[in-house]
Amino acid sequence: MPRPKKKRKVNNPPQMHGFKPFGIAFCDTEHVVLQYDEYETIKLVIYDKLPQDIAADRMEVSRPTLTRIYNSALSKIGQAFVEGKAIIIQGGEFEFDKDWYKCNRCFKLILGIENNTSCGDCPPNDKDELVHLNE
Ligand SMILES: [Zn+2]
């Protein structure tokens, strides 16, 4: 029986759904899909400047797996950058380490939630305003 694929830990959900190139109409662009675990490697290795073995520990994957995800992320970002394509961030084999919610109106990220139905910035009483990112 094959071992079930282990989920990669993502601790830092992105603020945005993606990027679009300036000077190119969005409807004219193709897009590349950057997965959440690929985004996380960019955050840890480039933004936080962590060595890849430390980044691998954070995501609970092996060093070669981390390198593979990271190289895939760089390749997609390079392609989008050079070819003027939008980047959509979604999907991937991952789980968040904490309960993350996102406001559907202002896109604010909220960690955990207790008797809250709004992000605290937007007017309350809007149903389904907060999206649970873990599901
Ligand atoms: Zn909000």
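Applying the selection to segment 119-128, what residues are modelled with pLDDT of 75 or more and open to solvent by less than 70 Å² (accessible area, probe 1.4 Å)?
Going residue by residue through segment 119-128, those that are modelled with pLDDT of 75 or more are 119-123.
Correct list: Cys119, Gly120, Cys122.
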Looking at segment 83-110, I want the residues that are closer than 11 Å to Met16 by Cα and have a partner that is charged (D, E, K, R) and more than 16 Å from the ligand (Cβ to nearest atom) with Cβ atoms under 9 Å, at least 6 apart or on another chain. Which pairs are those? Ile87/Lys20; Ile87/Lys76; Ile89/Glu38
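For the structure I just gave you, tell me whether Lys85 is within 16 Å of the ligand (Cβ to nearest atom) and at pLDDT 80 or above. Spell out how you get there, then give the answer.
Details: within 16 Å of the ligand (Cβ to nearest atom): no; at pLDDT 80 or above: yes.
Here the answer is no, as Lys85 does not meet what is asked.
The values are calculated or read from the model by the stated rules, or taken from the named source; none is laboratory data. Here the structure is a predicted model, which is why all the values come from computation and not from measurement. Note that each Cβ is placed from the backbone with ideal geometry, even for glycine, and that neighbours are counted across all protein chains shown. The area values use the complete protein model at the heavy-atom level, side chains included, leaving out ligands, DNA and RNA. Shrake-Rupley method; radii C 1.70, N 1.55, O 1.52, S 1.80 Å.
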